[in-house]
1. Rounded to the nearest 10 degrees, what's the angle between the helix 62-105 long axis and the longest principal axis of the chain, both from Cα atoms, 0 to 90?
2. Between 0 and 90 degrees, rounded to the nearest ten: what's the tilt of helix 2-32 against the longest Cα principal axis of the chain?
3. Placing +1 at every Lys and Arg Cβ and -1 at every Asp and Glu Cβ, with all other atoms neutral, what dipole size does the chain have around its Cα centre, in debye to the nearest 20?
4. What is the spin-label model distance, in nm, from H3 to T19 if the labels are put 7 Å beyond Cα along the C-beta direction?
Amino acid sequence: MKHTYLAIFSTLALLCFITMLAVTVIWMYVPIRIVYQESSLVPTEDYSIAVRQHGQAYYVTPKQKYVLNLINGYTAIIWFGCFGYIFLFTAFGGFARLQMLRRQRQ
C-alpha cells in the first residue's frame with residue numbers, strides 16, 4: 001500500500017515537471033509568434049487591438065489578444081503551483097528518508 005502512494009505521488013511529480021517545461025515553452029514561443037509573425041503593423045477591421053512590444057505597436061485580433069492574456073495570466077500560476085508540489089514532494093521524501101535512517105539505528 002505504501003509503494004502505491006509513492007508511485008502515484010512520483011507520477012504526479014513527473015507530470016508537474018513536464019507541465020512546467022511545456023508551459024515554459026509556450027510562454028517563450030507563442031507570444032513571439034503571435035506578436036511578431038501573425039500581427040499587423042497597421043490597424044484593420046480584423047486586427048484592431050494594439051499590443052506594444054519594445055515601443056512598437058502591433059495590432060492583433062481579439063482571439064489572439066485572448067490567447068496572450070491567458071498565457072500572461074496563467075503561466076505563473078501553473079508554473080509555481082507545479083513547483084510547489086515538486087518542492088513539497090522532495091521535502092516530504094527527504095523527511096521520510098530521515099525517519100527511515102532513524103528507525104534503522106534503533
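Read-outs: derived from the displayed coordinates by stated rules, not from any lab. Computed from a predicted model, the values in this text were never measured in an experiment. Reconstructed Cβ throughout: ideal geometry from the backbone, glycine too, with neighbour counts over all protein chains shown.
1. 10 degrees
2. 20 degrees
3. 880 debye
4. 2.7 nm
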